[in-house]
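Take a look at the structure set out below.
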Amino acid sequence: MNKTTPATGLRAVLIGILIGMTVGIFGFSFVTVGTLIGLLILGDYFSRTTKNVFKILLFVLLGFGLGLGILATSFLEPSEDSIAEIDGYQFIEATVVSVERTTEDQKLVLGEIEIGGEVHEDKMLLFIPAFDSLQYGDRIRFSCRLESPEPFDGFAYDQFLESRDIYKLCFLHESPLHISEGHGNTLLFTLAGIRSYFIHSSIEIFGEPHGTLLSGLLFGQELFTDNWDDRLQKTGTTHIVAASGYNVALVTWLLFGLLTWLGIKRQKAFWVLLAGIVLFVLIAGADAAVVRAGVMGGLILVARTIGRRASMVNVLLLTAILMLLVNPLILRYDVGFQLSMLSTIGLIYFTPWLSQKLKFIPEAYTLRESMGATLAATVATLPIIILQFNQIALLAPIANILILPLLPYTMFFGAMALLVGTLWINFAIVLSAPGWLLLSIVLGIIRFLSELSFVYAF
């Protein structure tokens with residue numbers, strides 16, 4: 001006789017709420033006949049297969065989740081004074097919220113936008129030349145033609161930006177006027193400065209393209225040239241230069257090792273570890289994937305601190321509910337969130353099964369574990385990759401099997417060199433040798449595999 005444990009009972013509750021929220025989010029956006037038919041089929045199925053008490057509980061949970069989804073989505077409409085209603089050539093003053101640089105240009109997310117003496121709370125994108133050196137909190141002034149984002153190549157770019165509260169974009173071929181700095185949140189301003197410092201140090205210590213790869217591994221900062229971006233896409237390794245659960249796990253592990261070495265007790269270590277996770281998420285840019293990893297890491301940390309064994313499925317469900325409450329649009333429009341959630345589901349459910357099927361692969365150097373995890377994440381995310389990008393990197397499993405086991409050591413030695421570099425840059429360059437060697441191996445694998453002619457299948 002199967003017994004219901006607290007973990008499985010909680011899982012049923014979370015699943016019910018999440019299903020209801022999903023229906024509410026989609027239903028608020030577009031109520032179709034298909035949605036209604038699906039609800040009727042679901043209700044009919046459970047009414048015939050469950051007992052009365054469970055039937056009532058199920059529909060209570062679905063209704064609760066439905067209400068949460070509709071309520072959360074209803075707050076996402078642009079405000080009356082939204083910049084979404086403004087078009088044409090405008091004189092603008094705004095504050096830099098985030099900066100994303102490439103070798104050719106940089107993309108600024110701007111907030112506190114003032115046009116014609118009126119301040120707008122939502123955001124816009126500004127594309128400017130790469131040579132400018134703006135950062136979070138800078139107040140700038142410029143004039144340009146406001147444009148509404150549009151879909152391209154089957155990608156709903158406008159809706160993706162809307163999920164991030166961005167409604168307009170501008171293109172400048174010259175630098176905006178820099179008025180002042182230090183605006184915005186003091187903590188975020190400080191963290192942005194720390195992030196910028198370490199990214200610059202990684203390039204100074206390790207050179208190119210090694211420093212760029214290390215910046216991606218540690219901070220999710222993508223500064224690669226178009227040539228290297230193409231190589232990452234061909235080998236299915238773009239995820240390694242985007243902050244994710246891997247980075248969060250490494251930061252937690254390093255902090256825990258340091259605190260243990262210092263003799264700090266578990267109760268005090270909890271707050272330091274939790275603060276470390278939050279700070280890393282903010283430094284890494286706080287996109288959907290790294291937020292998902294950070295929330296999951298925090299929930300697992302809380303569970304272990306209070307003496308409970310965390311169920312990864314329950315943690316994932318609760319993380320999804322919390323994130324959708326904050327921003328329901330990521331369910332439909334944020335590819336990073338979708339890939340992050342699906343890859344985690346793949347790791348939880350498929351990895352054990354695949355590991356059993358891959359017994360012919362030796363366990364040495366975690367080869368079997370790496371192969372199982374890579375295939376699990378690849379299979380789980382395949383539908384989204386095909387739908388969003390219309391392509392498959394055939395060599396992604398091989399590339400990831402070769403690269404992923406090297407990354408913890410690469411990130412560790414790289415981080416150590418950067419920390420030493422804050423005190424003595426010349427000594428850090430000497431200490432960077434192990435990290436530089438590992439970075440060279442990773443780059444060499446990516447370069448070699450990307451040149452093979454059978455990389456893509458369309």
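Keeping to segment 257-294, report how many residues are free of Cβ contacts under 8 Å to residues at least 40 places away in the same chain, surrounded by 22 or more Cβ atoms within 10 Å (Cβ to Cβ) and under 20 Å from S343 (Cα atoms).
Residues flagged as free of Cβ contacts under 8 Å to residues at least 40 places away in the same chain, surrounded by 22 or more Cβ atoms within 10 Å (Cβ to Cβ) and under 20 Å from S343 (Cα atoms) within segment 257-294 amount to 2.
Limited to segment 208-237, what total is found for residues that are within 18 Å of the chain's Cα centre (by Cα), of a type in the set (S, T, N, Q) and not in a helix (DSSP H, G or I)?
Qualifying residue count, segment 208-237: 2.
Is it fair to say I194 is open to solvent by less than 60 Å² (accessible area, probe 1.4 Å), under 22 Å from the mean Cα position of the chain (by Cα), closer than 29 Å to G294 by Cα and of a type outside the set (G, A, S)?
no
Residue-wise test of (1) at pLDDT 85 or above; (2) over 22 Å from R231 (Cβ atoms); (3) in contact with a helix residue (DSSP H, G or I) (Cβ under 9 Å, 6 or more places away or on another chain).
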position: F389; (1), (2), (3): no, no, yes
position: L394; (1), (2), (3): no, no, no
position: G421; (1), (2), (3): yes, yes, yes
position: V442; (1), (2), (3): yes, no, yes
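Considering each of L317, L324, L342 in turn, give the residue that is hydrophobic (A, V, I, L, M, F, W, C), part of a helix (DSSP H, G or I) and open to solvent by 30 Å² or more (accessible area, probe 1.4 Å).
Numbers: L317 fails: open to solvent by 30 Å² or more (accessible area, probe 1.4 Å); L324 fails: open to solvent by 30 Å² or more (accessible area, probe 1.4 Å).
One residue alone meets the criteria, L342.
Residue by residue through segment 147-175, note down the ones that are under 29 Å from S196 (Cα atoms), part of a strand (DSSP E or B) and not β-branched (V, I, T). Steps first, please.
Taking segment 147-175 first, the residues under 29 Å from S196 (Cα atoms) are 149, 157-158, 160-175.
From what's left, part of a strand (DSSP E or B): 166-171.
Within segment 147-175, Y167, K168, L169, C170, F171 qualify.
So which residues in segment 181-196 are in a helix (DSSP H, G or I) and either farther than 23 Å from L431 by Cα or without any contact (Cβ under 8 Å) to a residue 40 or more places away in the chain (or both)?
Going residue by residue through segment 181-196, those that are in a helix (DSSP H, G or I) are 186-196.
T186, L187, L188, F189, T190, L191, A192, G193, listed by residue number.
Does H178 satisfy the criteria of being farther than 30 Å from S432 by Cβ, in a loop (DSSP other than H, G, I, E, B), open to solvent by 60 Å² or more (accessible area, probe 1.4 Å) and not charged (D, E, K, R)? Explain how you work it out, then say what you get.
Values: farther than 30 Å from S432 by Cβ: yes; in a loop (DSSP other than H, G, I, E, B): no; open to solvent by 60 Å² or more (accessible area, probe 1.4 Å): yes; not charged (D, E, K, R): yes.
Answer is no for this residue.
Counting only residues that are within 24 Å of W253 (Cα to Cα), out of contact with any Leu (no Cβ under 9 Å at 6 or more places or on another chain) and open to solvent by 20 Å² or more (accessible area, probe 1.4 Å), give me the helices (runs of 4 or more DSSP H) lying completely in segment 376-456 with at least 1 of them.
Values: elements: 396-403, 407-421, 425-431, 433-450.
Where helices (runs of 4 or more DSSP H) fall fully within segment 376-456 and carry at least 1 residues being within 24 Å of W253 (Cα to Cα), out of contact with any Leu (no Cβ under 9 Å at 6 or more places or on another chain) and open to solvent by 20 Å² or more (accessible area, probe 1.4 Å), they are 407-421, 425-431, 433-450.
Residues that are touching a residue at least 60 places away in the same chain (Cβ under 8 Å), farther than 19 Å from A376 by Cβ and within 15 Å of the chain's Cα centre (by Cα): does segment 296-306 have at least one? Let's see the steps before the verdict.
Narrowing segment 296-306 to residues touching a residue at least 60 places away in the same chain (Cβ under 8 Å): none.
No, because not a single residue in segment 296-306 is touching a residue at least 60 places away in the same chain (Cβ under 8 Å), farther than 19 Å from A376 by Cβ and within 15 Å of the chain's Cα centre (by Cα).
Do you know which residues across segment 117-135 are open to solvent by 10 Å² or more (accessible area, probe 1.4 Å), at pLDDT 85 or above and within 23 Å of the chain's Cα centre (by Cα)?
If the condition is that a residue be open to solvent by 10 Å² or more (accessible area, probe 1.4 Å), at pLDDT 85 or above and within 23 Å of the chain's Cα centre (by Cα), then K123, F127 are the ones that fit.
How many of the residues in segment 199-226 are within 29 Å of F142 (Cβ to Cβ) and either among the small types (G, A, S) or touching a residue at least 12 places away in the same chain (Cβ under 8 Å) (or both)?
Restricting attention to segment 199-226, the residues satisfying the condition of being within 29 Å of F142 (Cβ to Cβ) are 199-200, 203, 212, 215, 219-226.
Restricting the remaining residues to those that are either among the small types (G, A, S) or touching a residue at least 12 places away in the same chain (Cβ under 8 Å) (or both) gives 199, 203, 212, 215, 219-226.
Residues that pass the stated criteria total 12.
The values are calculated or read from the model by the stated rules, or taken from the named source; none is laboratory data. Source: prediction; values computed, not measured. FYI the Cβ positions are ideal-geometry reconstructions off the backbone, even for glycines, and counts take in every protein chain you see. With ligands, DNA and RNA removed, areas are computed over all heavy atoms of the protein, side chains included. Shrake-Rupley method; radii C 1.70, N 1.55, O 1.52, S 1.80 Å.
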